[in-house]
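Contents: one structure, followed by commentary.
The values are calculated or read from the model by the stated rules, or taken from the named source; none is laboratory data. Everything numeric here is computed off the predicted structure, so don't read it as measured data. Glycine also receives a Cβ, built like all others from the backbone with ideal geometry; neighbour counts cover every protein chain displayed.
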Amino acid sequence: MSTDDGELEASLEGREEFEPPEAFVEGANVTDEGIYEEFDENWPECWAAAAELLDWYDDYDQVLDDSNEPFYEWFTDGTLNASHNCLDRHVEAGRGEEVAIRWVGEPTDEADRAITYKELRSEVNAFAASLRDLGVGEDDVVTMHMPMIPELPVAMLACARIGAPHSVVFAGFSADALATRMNAADSEYLVTADGYYRRGDPLDHLEKANDGLAGVSHEVSDVVVVDRLGDDGFGHDLADNQHDYASLVSEHEGETVEPVARDAEDMLFLMYTSGTTGEPKGVKHATGGYLSWVSWTSQTVLDVEADDTYFCTADIGWITGHSYIVYGPLALGATTVMYEGTPDFPERDRLWEIVEAYEADQFYTAPTAIRSFMKWGSEYPERHDLSSLRLLGTVGEPINPRPWKWYYQHVGGGECPVVDTWWQTETGGMMVTTLPGIRKMKPGSAGPALPGVDVRILDSAGEQVDPGEAGYLTVHKPWPGMLRTLYKNDERFVEEYWSEYSDEDAGEWVYFPEDGAGIDDEDYITVLGRVDDVMNVSGHRIGTAEVENAIVGVEGVAEAAVVGGEHETKGEAVYAYVTTEEGQEGTDDLRKRAVESVEDAIGPFARPEEVVFTPDLPKTRSGKIMRRLLEDIANDDDLGDTSTLRNPGIVEDIQQHEQATD
Ligand code: WTA
């Protein structure tokens, strides 16, 4: 720890509350605290305020149609197009020369790109025409398996333009994971890239995408490949149904594709996310509600204005990138910064260099990154002039007060509000956070629910917990950005999210996001983390079942139990406890194969930190694996009462095996 961190601790340690900085409040988008009451009294009509941020072709009849709970519909019979809202209307308003995307590639000797709204619109048009030409029709799902290159938002907006929902699969996902998602969505089209740069080296992505395609069980009509690497490429030949992106776009250059009028409830995109079972969930988002939600929250929470330069470090392959790199900021006409690489390449000040170079107004990142920044030291942000920043944000996992304060002080200079935003893939956008121009901040607590959002913390009997006690986070009113269903699986949608706390007979529908949380006497919510079998590794959602399935598939492995253990920077790390088949030893080779199998099934980001071989797994008398106990073992926590185990002696065994692998 450097001295200034010591001073920081001394000066901020005792502080549990921070008022919104005055300079921020003066220019903030929302400063009237009456908004909370106003939205409560005028619910659900209050959400017209979100829809008003968009251009509609046909006005909607009803803000909310709740006649078929929990299949809520928002802005019914309204029609709009997301691509028009993110592009055309800004160009038509005379803002065509403003920069839409500021793209920074990882190699430092490569020129950054500034893509204006007009340029973006024309490339989106050309690519939309290309997709049509390939046969993509309205409602055909187009999968994208792409790194952080401008062609990814271009492809998303091109799909939106022709009413083809996209399903973006994070580039770090393995070939198998890509195939699973294409199969689940019946997707016949893929947009991908030859590769990208990671820590200075070109990385072959197309090989993986091709392996994935080989695992798709239906016919894939067409694949579009972006040539990202040029001369650094790996020399793959394109197959007959594979097309070079640049050639397609140049063939269709100058063409105009009229944006298709989509019903507010028509699907804008699908995003697969992890749940309790091994099967990823296809979260379906609707055009009108989602776009309204991300626009409204970008404006009220991130304080984005049209002339802002806004920088979010997420990957577009996850929901944060969809909502708060692409759709929210572009719908508001701002400049959104996209960075291809990692924060520590070539040096640990890369992100600060970008903030300084483009005078970013907002910076939105994840606690796992903030913990790394803190570990690297304050000299890195100090090398740069970060005074352009006016707001900081965090998302993805709980943030402890210490990294929060470090961020506030060393990145924000004590002059930027920090919004700790709780939300999920399923919620589409932010749900719980302070409104930065109104509410004080309490490090470690995300804050109150947004106006019009009804969050309550319940105990297992469904009663609201007292301040200071922990319970389950629940949402008691629908909101426009909510998922509409799980793709082709309405039953699982109701089962996963609406069965735990709803009282169907009384007509009370309660959304359960499967997070634990506490609340204080000012209604500030502290999110504790997932209560289902989903881990949060560096902000990536990974299901324990997905990892277990991969390990159990390895020859010689009998059983596997996977838990998330605490980790200094990742938040959680994957710990695997494995039993072997008769006659099979727990060798290094088997361990290696187990790790490889996880990388193949999911991706390197899900790689187990440790694989511990044990003679047996701790089980209840009914044979259920005691994950909690394994978590306590992984964390060296007090194990409490283990006498209800069928095999209590096993605990000591596991601990010994774990020490042996340390
Ligand atoms: C966790 C990411 C605490 C939570 C946008 C949630 C958080 C899961 C926060 C969703 C936060 C997200 N504080 N925990 N500010 N934000 N989470 O779907 O457990 O990738 O359920 O969406 O991340 O992860 P997802």
query: Here are THR342, THR336: which of them is touching a Leu at 6+ places or on another chain (Cβ under 7 Å) and touching a residue at least 40 places away in the same chain (Cβ under 8 Å)?
result: THR336
task: Scan region 428-453 for residues that are out of contact with any strand residue (DSSP E or B) (no Cβ under 8 Å at 6 or more places or on another chain), of a type in the set (Val, Ile, Thr) and within 11 Å of the ligand (Cβ to nearest atom) and report the count.
output: 0
task: Determine whether ASP307 is within 16 Å of the ligand (Cβ to nearest atom) and outside the structural domain of GLY137 (by TED's automatic domain parsing).
output: no
- line: Note: among GLY6, GLY14, just one is modelled with pLDDT under 95, in a loop (DSSP other than H, G, I, E, B) and farther than 30 Å from THR116 by Cα, namely GLY14
message: Restricting to region 428-453, name every residue that is part of a loop (DSSP other than H, G, I, E, B) and crowded, with 24+ Cβ neighbours inside 10 Å.
response: GLY428, GLY429, MET430, MET431, THR433, THR434, LEU435, PRO436, ALA446, LEU450
- request: Spot the failing condition for VAL510; the list is (1) more than 15 Å from the ligand (Cβ to nearest atom); (2) under 18 Å from MET271 (Cα atoms), and only one is missed.
  value: (2)
Pick from region 534-563, criterion under 30 Å from GLU582 (Cβ atoms) and polar (S, T, N, Q), ranking: farthest from the ligand (Cβ to nearest atom): ASN549
message: Looking at VAL527, VAL531, VAL494, can you tell me which residue is away from the ligand (no atom under 16 Å from the Cβ) and of a type in the set (Val, Ile, Thr)?
response: VAL494
query: Filtering region 634-662 down to residues that are touching a residue at least 40 places away in the same chain (Cβ under 8 Å) and hydrophobic (A, V, I, L, M, F, W, C), which residue is surrounded by the fewest Cβ atoms within 10 Å (Cβ to Cβ)?
result: ILE654
- prompt: Is one or more of the residues making up region 70-80 modelled with pLDDT of 95 or more, under 24 Å from GLY254 (Cα atoms) and part of a strand (DSSP E or B)?
  reply: yes
message: Looking only at region 397-426, filter to residues that are more than 8 Å from the ligand (Cβ to nearest atom) and part of a loop (DSSP other than H, G, I, E, B); which one of those is nearest to ARG456 (Cα to Cα)?
response: ASN400
statement: Here the qualifying pairs (Cβ atoms under 7 Å; residues six or more apart or on different chains; first in region 360-384 and surrounded by fewer than 19 Cβ atoms within 10 Å (Cβ to Cβ); second of a type in the set (Asp, Glu) and part of a loop (DSSP other than H, G, I, E, B)) come out as ARG383/ASP349; HIS384/ASP349
field: Scan of region 284-315 for residues that are surrounded by fewer than 24 Cβ atoms within 10 Å (Cβ to Cβ) and under 15 Å from the mean Cα position of the chain (by Cα), ordered by number
entry: LYS284, THR313, ALA314, ASP315
query: From the list VAL63, VAL124, VAL30, which one is surrounded by fewer than 18 Cβ atoms within 10 Å (Cβ to Cβ), touching a Pro at 6+ places or on another chain (Cβ under 9 Å), at pLDDT 95 or above and of a type outside the set (Asp, Glu)?
result: VAL30
query: Can you pull out the residues in region 365-396 that are part of a loop (DSSP other than H, G, I, E, B) and either at pLDDT below 95 or more than 16 Å from the chain's Cα centre (by Cα) (or both)?
result: GLY377, SER378, ARG383, HIS384, ASP385, LEU386, SER387, SER388, LEU389, ARG390
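How many residues does region 300-341 hold that are in a loop (DSSP other than H, G, I, E, B), touching a strand residue (DSSP E or B) at 6+ places or on another chain (Cβ under 7 Å) and farther than 17 Å from ARG95 by Cβ? I'd like the intermediate steps shown before the answer.
As a first pass, look at region 300-341 and keep what is in a loop (DSSP other than H, G, I, E, B): 301-308, 313-318, 332-334, 340-341.
Now narrow it down to the ones that are touching a strand residue (DSSP E or B) at 6+ places or on another chain (Cβ under 7 Å): 301-304, 308, 313, 316-317, 334, 340-341.
Subset that is farther than 17 Å from ARG95 by Cβ: 301-303, 313, 316-317, 340-341.
Residues in region 300-341 being in a loop (DSSP other than H, G, I, E, B), touching a strand residue (DSSP E or B) at 6+ places or on another chain (Cβ under 7 Å) and farther than 17 Å from ARG95 by Cβ: 8 in total.
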- request: Look at GLY414 and say whether it is more than 21 Å from GLY468 (Cα to Cα), surrounded by fewer than 24 Cβ atoms within 10 Å (Cβ to Cβ) and touching a helix residue (DSSP H, G or I) at 6+ places or on another chain (Cβ under 8 Å).
  value: yes
message: Looking only at residues that are without any contact (Cβ under 8 Å) to a residue 24 or more places away in the chain and within 23 Å of ILE602 (Cα to Cα) in region 199-253, which one is surrounded by the most Cβ atoms within 10 Å (Cβ to Cβ)?
response: LEU203
field: Considering residues of region 454-473 that are in contact with a Ser or Thr (Cβ under 9 Å, 6 or more places away or on another chain) and within 15 Å of the ligand (Cβ to nearest atom) only, the residue farthest from PHE512 (Cα to Cα)
entry: ALA470
task: Considering each residue of region 606-630, count those that are touching a residue at least 40 places away in the same chain (Cβ under 8 Å), of a type outside the set (S, T, N, Q) and buried (at least 17 other Cβ atoms within 10 Å of the Cβ), and give that number.
output: 9
